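Report on one structure; see the data block that follows.
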Amino acid sequence: RQGTNEKLTSRFARVRVRAAHRDYWQTTRRAQEWLLIEWPKGEDQPTKYWLSTLPEDVAFRTLVETAKLRWRIERDYQDLKQEVGLGHFEGRGWRGFHHHATMCIAAYGFLISERETIPPSGARRARPIPLNRIPADYRPRGSAAADPTSHSKFDRDDATAARTWAGPNAVEMSLLCDQVRPLHRSSFVTQ
């Protein structure tokens, strides 16, 4: 709840279920999902239900915390609209909205980081963002210092004859560096 400084408690139950969504059209059964049920003390019956595709071995506490993140996400969305103007976009194109949303999210991240340094929050807890590891011999495409010689370590597509749309004087472009990205386990929670 908004404005509560005490620890919130409630009763929860979970069970693995198969959600039925017109399954008579399917030849295979749906995968099992978690059904999380919240039954607050003093209520006659359960009040909230969530379906989740989190893994079967997920801890009960993690399942509840993930379901309860919705309030935090909605609060962040409200702050984005009120503090940095996410709702002020009046364009019609996806590209313009994407640019506007990206700038708003970057500004909001900066505000959150700076807000941690203001008392009573105390010292900064956010860890510094590590710099990208770019090879020492990397030169940006089109830079004046770019080496004009070819690099054999780049994997190039030599099938230029089939690409008539590129024109007779097409120039090969160097490939961007591959960055190692960690694999993230996706999870989905609905209410």
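The values are calculated or read from the model by the stated rules, or taken from the named source; none is laboratory data. Computed from a predicted structure; not experimentally measured. When we count neighbours, we look across all protein chains shown, and the Cβ atoms used for this are built from the backbone with ideal geometry, even at glycine.
Does Thr9 satisfy the criteria of being exposed (fewer than 10 other Cβ atoms within 10 Å of the Cβ) and closer than 25 Å to Arg75 by Cβ? Considered against the rule, which asks whether it is exposed (fewer than 10 other Cβ atoms within 10 Å of the Cβ) and closer than 25 Å to Arg75 by Cβ, Thr9 comes out as yes.
Among the numbered conditions (1) of a type in the set (Phe, Trp, Tyr); (2) modelled with pLDDT under 90; (3) not assigned by TED's automatic domain parsing to the domain that holds Ser113, the only one that Phe89 does not meet is (3).
Listed conditions (1) in contact with a helix residue (DSSP H, G or I) (Cβ under 7 Å, 6 or more places away or on another chain); (2) farther than 17 Å from Gln32 by Cβ are all met by Glu74, apart from (1).
The residue that is modelled with the highest pLDDT, counting only those in region 1-16 that are small (Gly, Ala, Ser) and closer than 30 Å to Gln32 by Cα, is Ala13. Here is the figure for region 63-92: residues that are among the polar types (S, T, N, Q) and surrounded by 13 or more Cβ atoms within 10 Å (Cβ to Cβ) total 1. Residues that are within 12 Å of Ser10 (Cβ to Cβ) and not aliphatic (A, V, I, L, M) within region 28-70 comprise Glu38, Trp39, Pro40, Lys41, Gly42, Glu43, Pro46, Thr47, Lys48, Lys68, listed in sequence order. Output the residue which, of all residues in region 116-137 that are modelled with pLDDT of 70 or more and surrounded by 10 or more Cβ atoms within 10 Å (Cβ to Cβ), is nearest to Val84 (Cα to Cα). Within region 116-137, the match that is nearest to Val84 (Cα to Cα) is Glu116.
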